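The values are calculated or read from the model by the stated rules, or taken from the named source; none is laboratory data. In this text the structure is predicted, and so the values were computed from the model without any measurement. Backbone-built Cβ (ideal geometry, glycine too); neighbour counts: all protein chains shown. Ligands, DNA and RNA are excluded from the accessible area calculation, which covers all protein heavy atoms including side chains. Shrake-Rupley method; radii C 1.70, N 1.55, O 1.52, S 1.80 Å.
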Amino acid sequence: APRLPLPVPAPIRTGVPGCGYPWPWSVCPWFPGEPASPRPPADGARAARDLGGFLAALHRPAPDDAPANPFRGVPLAARDDRFRDAIGHLADRPDRLAPQTRTWATERWDQLRGTPPWSGPPVWLHGDLHPHNLLVHRGLLHAVIDFGDLTAGDPATDLAVAWMLLDAPGREVLRAAAGADDATWARAEAWAVALAVAYLEGSPDGSPMLDVAHRTLAEL
């Protein structure tokens, strides 16, 4: 947490299962603010710089014992079956995804999934970076929360947030601040397609993630 330019919920206390509570637990600081969806930051360019700087600071080589995550930070080829299952299920949900958009998403995924994979060392990843895990306070990006998918791997997974939160100029600001090369940026777009489809397929009715998914596809 001290190495990052935005606050994160570093635990103050941690505990183990017991006394009838079956999971590990933690007590974290409370951050004021509201999720960036549906209330994005007032200054998109500043938010893009702040979030890009956060990702540049976070995406440092991770140790060998970093938590494993089979669904995030992996090569695009390893995500292909999961994408096709989700897009296939959505064929029966035209209320969630229009047929023409489903066709477009499949074609775009096919175009991007052959992008050269990440060749650097696995870097620390938030793993679940979408607008509902970004807090906005007084119009500014204030904190990044929910590190339950923390892992190491390809930084493109986290960079997909650029299509979830920002417009085209904002995405270029974030990309510059994060220092993403062409291949990483193309993989980030592929992750944005895949995650939007996953949110549409897996979210319950009324979930704010449905709005995130539709905004992401509109930006794509």
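For residues that are among the hydroxyl-bearing types (Ser, Thr, Tyr) and either within 11 Å of the chain's Cα centre (by Cα) or open to solvent by 10 Å² or more (accessible area, probe 1.4 Å) (or both), tally how many sit in segment 143-158. Before the answer, list the steps.
If we filter segment 143-158 for residues that are among the hydroxyl-bearing types (Ser, Thr, Tyr), which is where we start, we get 151, 157.
Among the residues that remain, those that are also either within 11 Å of the chain's Cα centre (by Cα) or open to solvent by 10 Å² or more (accessible area, probe 1.4 Å) (or both) are: 157.
Number satisfying all stated conditions: 1.
Does segment 87-142 hold any residues that are open to solvent by 30 Å² or more (accessible area, probe 1.4 Å) and in a strand (DSSP E or B), and which are they?
Within segment 87-142, TRP124, HIS137, LEU140, HIS142 qualify.
Check ASP65 against each of (1) of a type outside the set (Gly, Ala, Ser); (2) under 19 Å from the mean Cα position of the chain (by Cα); (3) open to solvent by 60 Å² or more (accessible area, probe 1.4 Å); (4) modelled with pLDDT of 95 or more and name the one condition it does not meet.
Of (1) of a type outside the set (Gly, Ala, Ser); (2) under 19 Å from the mean Cα position of the chain (by Cα); (3) open to solvent by 60 Å² or more (accessible area, probe 1.4 Å); (4) modelled with pLDDT of 95 or more, only one is false for ASP65: (2).
Which residues, taken from segment 1-29, are in a loop (DSSP other than H, G, I, E, B) and over 21 Å from LEU140 (Cβ atoms)? Give the steps one after another, and end with the answer.
Of all residues in segment 1-29, those in a loop (DSSP other than H, G, I, E, B) come to 1-12, 16-17, 19-20, 22-24, 28-29.
Result: PRO11, ILE12, VAL16, PRO17, CYS19, GLY20, PRO22, TRP23, PRO24.
Look at GLY73 and say whether it is assigned to a loop (DSSP other than H, G, I, E, B), in contact (Cβ under 8 Å) with a residue 24 or more places away in the chain and not β-branched (Val, Ile, Thr). Reasoning before the result, please.
Details: assigned to a loop (DSSP other than H, G, I, E, B): yes; in contact (Cβ under 8 Å) with a residue 24 or more places away in the chain: yes; not β-branched (Val, Ile, Thr): yes.
The answer is yes for GLY73.
Which pairs have Cβ atoms under 8 Å, sit 6 or more apart or on different chains, and link a residue in segment 1-23 that is touching a residue at least 40 places away in the same chain (Cβ under 8 Å) to one that is among the small types (Gly, Ala, Ser) and outside any strand (DSSP E or B)?
What qualifies is ARG3/ALA57; LEU4/ALA57; PRO5/GLY53; PRO5/ALA57; PRO7/ALA1; VAL8/ALA1.
Please pick out the residue among GLY206, GLY153 that is of a type outside the set (Lys, Arg), touching a residue at least 60 places away in the same chain (Cβ under 8 Å) and at positive phi. Step through it out loud before you land on a result.
Details: GLY206 fails: touching a residue at least 60 places away in the same chain (Cβ under 8 Å).
When all the criteria are applied, what remains is GLY153.
Could you please find all residues in segment 156-210 being under 19 Å from LEU51 (Cβ atoms) and of a type in the set (D, E, K, R)?
If the condition is that a residue be under 19 Å from LEU51 (Cβ atoms) and of a type in the set (D, E, K, R), then ASP158, ASP167, ARG171, GLU172, ARG175, ASP181, ARG187, GLU189 are the ones that fit.
So which of GLY170, GLY179, GLY202 is buried (at least 21 other Cβ atoms within 10 Å of the Cβ) and more than 15 Å from the chain's Cα centre (by Cα)?
On the way: GLY179 fails: buried (at least 21 other Cβ atoms within 10 Å of the Cβ); GLY202 fails: buried (at least 21 other Cβ atoms within 10 Å of the Cβ).
Step by step, each of GLY170, GLY179, GLY202 is checked, and only GLY170 is buried (at least 21 other Cβ atoms within 10 Å of the Cβ) and more than 15 Å from the chain's Cα centre (by Cα).
Looking only at segment 4-33, count every residue that is exposed (fewer than 13 other Cβ atoms within 10 Å of the Cβ) and either within 16 Å of the chain's Cα centre (by Cα) or charged (D, E, K, R) (or both) and tell me the total.
Residues that pass the stated criteria total 1.
Taking segment 156-198, which residues are within 30 Å of ALA98 (Cα to Cα), touching a residue at least 60 places away in the same chain (Cβ under 8 Å) and not in a helix (DSSP H, G or I)?
Selection gives LEU166, ASP167.
Given ARG3, ARG96, ARG39, which one is closer than 23 Å to GLY148 by Cβ and modelled with pLDDT of 95 or more? Can you show your working first?
On the way: ARG96 fails: closer than 23 Å to GLY148 by Cβ; ARG39 fails: modelled with pLDDT of 95 or more.
From the options ARG3, ARG96, ARG39, the qualifying one is ARG3.
Quick test of your reading of the structure: PHE54 fulfils all but one of (1) within 30 Å of ARG138 (Cα to Cα); (2) surrounded by fewer than 11 Cβ atoms within 10 Å (Cβ to Cβ); (3) touching a strand residue (DSSP E or B) at 6+ places or on another chain (Cβ under 9 Å); (4) not small (Gly, Ala, Ser). Name the failing condition by number.
(2)
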